[in-house]
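**Q** Take a look at the following structure, please.
Only the coordinates and a few stated rules stand behind these numbers; no lab work does. Values in this document were obtained by computation on a predicted structure and should not be read as measured data. Cβ: placed from backbone, ideal geometry, glycine included. Neighbour counts: every protein chain shown.
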Amino acid sequence: MHPQVREAQPGSCPICGMDLVKTSSRPAVKMTPAEMAAMPAGNPAANDLILTAQQLELGNIRVQTIGNGTDSSPAASPAEAPAPQAVLTGTVTADAQRTQSISSRVAGRVEQLYVRQTGQLLRRGAPLFSVYSEQLETLQREYLLALAQDLQVAEPTYRHFAEATAQKLRLLG
C-alpha cells in the first residue's frame, strides 16, 4: 500500500495496482505512554486500531495475551493457537503502585545478591540479598553476651541489659 495515494472514488493504486480502500478522515491523536497506561482495559480509545476477524485472518495477525507462566487451556481455533515464536513490539513499564524503595536502617554493605535478573520470579519470603554491617554485628554480640551473663548471674541488672539490647535489635528491624 502507498498511503500517499488518495482518490475521491474507488479505483486502483497507480504504483502497485492494488485496490484502494476507503479510510477514515479522522486525524491521528498522539498519546503519551502515561495516558495509554491510564486507559481502562477493554475500552478502545479513539485512536485504537480495531480489526475485524476477516482483517485479522487476511493479515495473518495473531492476538495473544502476555503473562507469566504457560497457558494450558486448549485454543478455540487454529487462528488462536499461540505462535511458537513471536516478534513483539511494545513498552514495558514498572507499576508505580507495586514498586517500593527500601533503605537500610544500618550502615553496611550488600555481601551477596540472591536475585540477579530483573523479572526473575520469586517466592514470598525468599531473601533478595545478605548484608554485612559492623554496627549490626556488634549489637548482636552485645545481645548474646547480655543473655549469657543473665543466665550465669541471676541479677535484675543483667536481665534489663539483655532486654535493652533486644529492643535495640528490634528497632533496627
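**Q** How much length would be gained if the chain were fully extended between VAL87 and ARG123, taking 0.36 nm per residue of separation minus their Cα-Cα distance, in nm to one decimal?
**A** Details: separation 36, 0.36 × 36 = 12.96 nm, distance 2.94 nm.
Separation in residues times 0.36 nm, less the Cα-Cα distance, equals 10.0 nm.
**Q** Taking a label point 7 Å from the Cα of ALA107 along the Cα→Cβ vector, which residues of segment 132-173 have an amide N closer than 15 Å to it?
**A** Under 15 Å, as judged by backbone N against the label point of ALA107, lie 132-139 of segment 132-173.
**Q** Over segment 85-173, what is the relative contact order in whole percent, taking alpha-carbon pairs under 8 Å and six or more residues apart? The partial results should precede the final answer.
**A** Details: 57 pairs, mean separation 22.4, N = 89.
In percent, rounded to a whole number, it is 25.
**Q** What ranking do TYR143, TYR114 get, fewest neighbouring Cβ atoms within 10 angstrom at the top? Working shown, then result.
**A** Working: TYR143 19, TYR114 11.
By the 10 Å Cβ count, ascending, the order reads TYR114, TYR143.
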